[in-house]
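A short write-up of the structure that comes next.
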Amino acid sequence: MHQNYKVFIKDKLIIFTENMNIPGREKNAIFYKYQGMKLLLAEFERFIKTKKLKTLIVYRKKNADKLFKLFIIRFKLTKAAGGAVISKKDEVLMIHRHGRWDLPKGKKNSGEKNKETAIREVMEETGIKKLEITKKLSITYHFYRRNKRLIIKKTHWYLMKAKRNQEMEPAIKEGIMKVKWVPFDKAKKKSNKTFRSVTEVLDKAINSHI
């Protein structure tokens, strides 16, 4: 079975694959056969500047994993961790930041382990104090801009559980205006108004818990 490697940029997605027949070759996707890194980077620049295009599928017959690694090392990398927190009532803890529903996450401090970062960030952003990690969910890569420079953030995601009767307090200084327990069915609807990377993590969390 072919494994796909993904990098998100806001509502866009880049997939590195060895699968010629990858699902999702919709009208807003480009299927690009790898012909060298210089040409790939030019295609990438065109892709991110074209608003109507949502997915760039980069096909390589072999070693798509190596190509993915070669691509991401061309950009500055920051490390982060976060969590999808689930209650016994089949709810997920979501935050509202910069006009979008999101999951709590944040930058890794020097010397921290990924799990420690995930717990700390969820606590800081939501006010929840008692958390327990149940499993590792995934790793996502997404681009963001700082001073007009593209940077890749590598985020380790964990499935967590917590009691819902804890006091919550959004980290307003970090742009978080709301913290809310959201039922799974409503969370899936809210995921349509968030980033594609968060939607994928949310789907994995809910499917893991059901």
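Every read-out reported here was derived from the displayed coordinates using simple, explicitly stated rules and does not represent laboratory data. Only a predicted model underlies this, so the values are computations on that prediction, with no experimental measurement involved. Positions of Cβ are backbone-derived with ideal geometry, glycine not excepted, and every protein chain shown enters the neighbour counts.
Over all directions, the average projected area of the alpha-carbon convex hull for region 5-72 comes to how many nm²? Show your work: numbers first, answer last.
Details: hull surface 16.7 nm².
Over every viewing direction, the Cα hull of region 5-72 projects on average to 4.2 nm².
Given Lys136/Lys161; Lys33/Lys62; Lys61/Lys153, which pairs have Cα atoms separated by over 19 Å?
Cα-Cα > 19 Å for Lys61/Lys153; rest within.
Is there a quick way to get the dipole size of region 131-170? I mean about its Cα centre, with the Cβ of Lys and Arg at +1 and of Asp and Glu at -1; what is the value in debye to the nearest 20?
Using Cβ point charges on Lys, Arg, Asp and Glu, region 131-170 gives about 380 debye.
Please give the charge dipole size of the chain, origin at the Cα centre, charges +1 on K and R Cβ atoms and -1 on D and E Cβ atoms. Round to the nearest 20 debye.
Result for the chain is approximately 660 debye, rounded to the nearest 20.
Which of Asn19, Ser110, Thr199 sits closest to the plus end of the dipole of the chain, meaning its Cα is farthest towards the positive end, when Lys and Arg get +1 and Asp and Glu get -1 on the C-beta?
Comparing the listed Cα positions along the dipole, Asn19 ranks first.
Return the distance in nm (one decimal) between the two label points of a simple spin-label model at Lys79 and Ile133, each offset 7 Å from Cα along Cα→Cβ.
Going by the 7 Å Cα→Cβ label model, 1.2 nm.
Taking the convex hull of the alpha carbon atoms in region 77-209, what volume per residue do you get, in Å³?
105 Å³
Give me the dipole magnitude in Debye, nearest 20, for region 5-72 about the Cα centre, with unit charges on the beta carbon: positive for Lys and Arg, negative for Asp and Glu.
Approximately 120 debye in magnitude.
Defining a contact as two alpha carbons under 8 Å apart and six or more residues distant in sequence, what relative contact order in percent does region 5-72 show?
47 percent
Determine the alpha carbon to alpha carbon distance for each of Lys27/Lys178; Lys27/Lys66; Lys154/Lys188 and list only those over 25 Å.
Lys27/Lys178; Lys27/Lys66
Can you give me the angle between helix 37-49 and the longest principal axis of the chain, using Cα atoms only, in degrees from 0 to 90, rounded to the nearest 10?
60 degrees
If you take the beta carbon distance between Lys27 and Lys148 as r and set R0 to 30 Å, what does 1/(1 + (r/R0)^6) give as a FRET efficiency, to the nearest 0.05?
0.50
Nearest 0.05, what FRET efficiency do Lys51 and Lys163 give at R0 = 35 Å with Cβ-Cβ as r?
So, using R0 = 35 Å, E works out to roughly 0.20.
What is the spin-label model distance, in nm, from Lys204 to Lys115 if the labels are put 7 Å beyond Cα along the C-beta direction?
1.7 nm
In whole Å, how far is the Cα centre of region 67-107 from that of region 3-64?
Result: 21 Å between the Cα centres.
Just rank Trp181, Trp101, fewest to most, by other beta-carbon atoms within 10 angstrom.
Listing Trp181, Trp101 from fewest to most nearby Cβ atoms yields Trp181, Trp101.
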